[in-house]
1. Tell me, what % of the accessible area of the chain is carbon and sulfur with a 1.4 angstrom probe?
2. Tell me which residues come under 5 Å, amide H to amide H, from Thr504 once H is placed; ignore anything under 5 positions away on its chain.
3. Apply the Kirkwood formula to the range 552-617: the hydrodynamic radius equals the inverse of the mean of 1/r over all pairs of different alpha-carbon atoms; give it in Å with one decimal.
4. Return the inverse of the average 1/r over all pairs of distinct C-alpha atoms in the range 310-371, which is the Kirkwood hydrodynamic radius, in Å to one decimal.
5. In Å², and per residue, what accessible area does the chain have when probed at 1.4 Å with the other protein chains present?
6. Translational diffusion coefficient of the range 577-724 at 4 °C, 1.567 mPa s, Stokes-Einstein with Kirkwood Rh over Cα pairs, in µm²/s as a whole number.
7. To the nearest 10 degrees, how steep is helix 397-425 against the longest Cα principal axis of the chain, on a 0 to 90 scale?
8. What lysines sit close enough to Lys684 to cross-link, taking a C-alpha to C-alpha distance under 19 Å and skipping anything fewer than 8 places away on the same chain?
Amino acid sequence: MTCAACVRRVERRLAHTDGVEEVSVNLATETATLHLTPEAPSPHALIEVVEHAGYQVPVTTTQLAVTGLTCAACTQRVERALGRVSGVLEASVNLATERATVRHLARQASTETLIAAIREAGYNVAEALDQAVGEATPSPTAQALARDLRIAALFTVPLLALEMGPMLIPPLREVVGAVLPNPWRTYLFFGLATVVQVGPGRRFYRLGWAALRQRMPDMNTLVLMGTTAAYGYSVVATFLPGLLPAGTAQVYFEASATIITLVLLGKYLEHRVKGRTRDALHTLVALQPTTALRLDGDAFTEVPVQAVQRGDHLRVRPGDRIPVDGVVIDGTSYVDEAMVTGEPLPVAKAPGDAVIGATVNQAGAFTLRATAVGADTFLAQVVRLVEAAQASRPPIQAVADRVVAVFVPAVLVISALTFAVWMWLGPDPTVPYALVNAVAVLIIACPCAMGLATPVSVLLGTGKAAQAGVLFRTGAALQALHEATVVVFDKTGTLTEGRPTLQTIHVADSVLASVPAEPQTGQAEAQLLQLAAAVEAQAEHPLGRAILDAATARHLAWPQAHGVQAIPGHGVSGTVDGQLVRLGTARWLTEQGLETTPFETLETTLTRRGHTPVYVAVGEAVAGLLAVADAPKPEAAAVVDALHEARVDVWMLTGDRTGTALAMAVQLGVAADRVRAQVLPGDKAAEIRALQGQGQRVAFVGDGLNDAAALAQADVGIALGTGTDLAIESADVIVMAPSLDGVLTARTWAARTVRNIKQNLFWAFAYNVVLIPVAAGVLYPVLGLLLSPMLAAAAMGLSSLFVLGNALRLRAM
């Protein structure tokens, strides 16, 4: 805002918004204060109102490394705490990466405020992560778990050996009884269990009690209640046995200590395995060279890559990784860009060509001028995009979120009912039976697996896709692409090469009724092409570049043309070696008295094939015909066939004329009724809306330059990049190579990831559905089987490890 008129404009727009009772805009502080009704729109909607008025609301994204997260209930608790901070628009916490991503008003919610909210919720923040990517996030949680696990195991192992050893090996019973008679043995058990309970077990008290205070119980609450019940009952049985019914004064010190130790072991292994899920992204980051050869004065010296500035001249030797993005200024070589585009063949580089940092120089040495360094390099952009996708959630995650919201409270109710039923119907002694089964229910019912099911798969799927040259902006894009029923392609530059090329040459003396399959290569054809190139070299005829490229490819030299004139919409003319040479349409040449009738059949055949005929007249006679067309990409037909085999409907949109579009459709295998020609760029979005109105899930594939509206309108927009161009803001998926094969690669990784998520969710839900009743004792009346709390703790850890192990299968695909 610059003046009072700006203030009035913003106030007027906001005041006319439903739900806004009063608004005051301050020019000095550049703030708007609003009084809202309960029916007021969301902050997102109010921001849009301001933006439609022509102004901006500063919004930023902050990432925080959160420690102490153990299950899906923890992530919901942190999200809710962050959501209550004034100015926060959106908060997402990822259990797999242990990161909180917060989108908030830049001036209203500070990083310190966000950190305070997380700490108030009972968790801690290791660090605020800036947007410069490249360093692995430290994991203090894993270090603390390892320390607590060592302490717990040190005191639990002798406790378990002394308690369980005599049961498994009867001769030990007398030895242990003689060395440690009761009650001293029980006192020793109490001491060992107490160290575990108040030492390593303290984390469950701290986090679990904080969750209870906020009425959002989580896994820590379940462990807290289960172990406290077993430990507390044992303390009473040891020191105040008279308070318990006769015959029920049994101790479960080994159970409480073992449960804590096994839960810690499971969480530690979980953190170790979660670390492996980020290997794909770390592999990309590790590709960045650490040093560069920079021109300082008259010599190249080795410097840290962080010291390289834009404009510096760097030397790249054969076998080196290119240190930063740049442009070749001296030398030629071949560069392996597979890590960027997924294309296995090296790319030739000469002065003027762009090169990408972290790709591998193969053949020769060259000098480049740095154009992007640090966080601005292509590799840094890729890593940021992948990390953003990994922090987001696909819609399928909402299923788990809804279940987790009621899961732990439901488990507490089930545990209480289990205790009551065993007290009422259980065999004597009822109290120990009721206690053991209630504790088993608390321990086995952990929402950890549900919280990990989606993020670890997204983490691995997006990382592996990036290594294959495909970038997903969000986790939602994975699911949307997997569910797409229609793929709509832009034609020019997407299905085709995007530039006209000379397809065939026909000389007047050899005109046939049908078009030859291959270009003729005789002397007459070469002479005709030389004359055409001579005129086009000094003109700007739209199809002239194709003719010049063809002459250059055939190593032809052409004479100088004089008096070159271009007639827009008709053609171009000039004098070559004293002869008048004209190139253009049949109508134009006919208007000048030349005879084009012998070529009519040939022109019709070429037009049906999607070719554009260019007549060449020498003197007062038509000497030949050049057929120019935008050729389909070599892989285009195979990609269309593959989509058809996958039962995906394929459409084509183009601004080209109908005849050319239908001819291209025939070559590629796209049905004629799935072609929309002469569509303006702004109307492509309307065509996609029409398909969506029919209930279709639409993916649109374009070149990302003039297809922004269509990419944004589609359920998932796929942009074909050129390796270095990542400024395709409207696309949900970016294929870094211009090849259409990347579309199939993207669909493959989307399908693999979503399938993996569904498998994980099924296991997480099935685990709890099956084992909670078993822990409650439903098999006891039939089979006489009970699940001990210690086995329940082991099963809880295995459920999370199973989900992580299933997700890690994506690494091998």
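The values are calculated or read from the model by the stated rules, or taken from the named source; none is laboratory data. Bear in mind that the values here come from a model prediction, so they are computed numbers and not experimental data. For accessibility, only protein heavy atoms count, side chains too; no ligands or nucleic acids. Shrake-Rupley method; radii C 1.70, N 1.55, O 1.52, S 1.80 Å.
1. Using a 1.4 Å probe with all protein chains present, the chain comes out at 57 percent carbon and sulfur.
2. Sorted by chain and number, the residues that satisfy this are Ala627.
3. 13.4 Å
4. Its Kirkwood hydrodynamic radius stands at 11.0 Å.
5. Roughly 44 Å² per residue, with all protein chains present.
6. The calculation lands on 72 µm²/s.
7. That helix lies at roughly 20 degrees to the long axis.
8. Answer for Lys684, where 19 Å is the Cα cut-off: Lys491, listed by chain and number.
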